[in-house]
1. Would you be able to say whether some residue in the range 42-55 is crowded, with 19+ Cβ neighbours inside 10 Å and touching a Phe, Trp or Tyr at 6+ places or on another chain (Cβ under 6 Å)?
2. Taking the range 101-131 as the search range and keeping residues that are small (Gly, Ala, Ser) and either in contact with a helix residue (DSSP H, G or I) (Cβ under 8 Å, 6 or more places away or on another chain) or not in a helix (DSSP H, G or I) (or both), which one is surrounded by the fewest Cβ atoms within 10 Å (Cβ to Cβ)?
3. Check whether at least one residue in the range 68-77 is in contact with a Gly (Cβ under 6 Å, 6 or more places away or on another chain) and in a helix (DSSP H, G or I), and report yes or no.
4. In the set 115, 99, 128, 124, which member is of a type outside the set (Ser, Thr, Tyr), closer than 22 Å to residue 30 by Cα and modelled with pLDDT of 75 or more?
5. Would you mind stating whether residue 60 is of a type in the set (Asp, Glu) and modelled with pLDDT of 85 or more?
6. So which of 84, 111 is within 30 Å of residue 130 (Cβ to Cβ) and in contact with a Gly (Cβ under 8 Å, 6 or more places away or on another chain)?
7. Considering only residues that are among the hydroxyl-bearing types (Ser, Thr, Tyr) and not in a helix (DSSP H, G or I), look in the range 89-100 and name the one that is farthest from the chain's Cα centre (by Cα).
8. Kindly provide the set of residues from the range 48-87 that are of a type in the set (A, V, I, L, M), touching a Ser or Thr at 6+ places or on another chain (Cβ under 8 Å) and without any contact (Cβ under 8 Å) to a residue 12 or more places away in the chain, ordered by number.
Amino acid sequence: MRTLQAVTEAMVIQKGLISDITLRYFGLIFKLVLNPILGILGISANGINLAVFYKMGLSDGVTQNFFILSISDCLVAATALVNSASYILQTTVFSGSGVAELHANVVYWTSVVAVIFPQKVSLVTTVVIAVVRCCCVAMPLQVKPQFRTGYLKPVVECPQRTAV
């Protein structure tokens with residue numbers, strides 16, 4: 001008697017779980033519907049966040065970190081929007097047209113590579129915010145003098161220097 005894993009492996013080898021055309025349609029639907037909506041919402045929400053944090057004043061280290069996080073998340077959303085647009089153009093409009101398809105492909109892969117930097121900045125900024133929050137709980141009333149802007153600036157700028 002064959003085990004469930006052996007039957008599953010045989011199915012994957014013989015037919016595949018999802019056909020290539022179905023996978024392509026799902027990718028097109030996600031790139032056509034989901035990514036643009038999330039990109040536009042991400043740019044809008046982070047634009048509002050930027051305005052709010054700027055009006056609050058950037059004198060506090062935590063506000064500066066949230067401001068930096070909003071900038072990097074807005075860049076990630078914008079890059080995802082460009083990525084989706086170039087993918088849609090490449091696979092539907094410019095498919096088989098030669099030079100235009102090549103340009104859309106270049107824009108697509110450039111956006112794939114370009115999103116790495118704002119993602120790293122977002123990751124490091126989120127970690128800094130989480131560490132400061134944990135320290136606020138562990139050491140109440142002692143965090144603000146210890147985590148001044150001068151101490152946090154090199155930590156937030158570190159991925160910027162390594163990515164460039």
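The values are calculated or read from the model by the stated rules, or taken from the named source; none is laboratory data. Here the structure is a predicted model, which is why all the values come from computation and not from measurement. Don't worry about glycine lacking a Cβ; one is built from the backbone with ideal geometry, like all the others, and counts go over all protein chains shown.
1. There is at least one residue in the range 42-55 that is crowded, with 19+ Cβ neighbours inside 10 Å and touching a Phe, Trp or Tyr at 6+ places or on another chain (Cβ under 6 Å).
2. My answer is 114.
3. There is at least one residue in the range 68-77 that is in contact with a Gly (Cβ under 6 Å, 6 or more places away or on another chain) and in a helix (DSSP H, G or I).
4. The unique qualifying residue is 115.
5. no
6. 84
7. By that ranking, first place goes to 97.
8. Passing the criteria: only 56.
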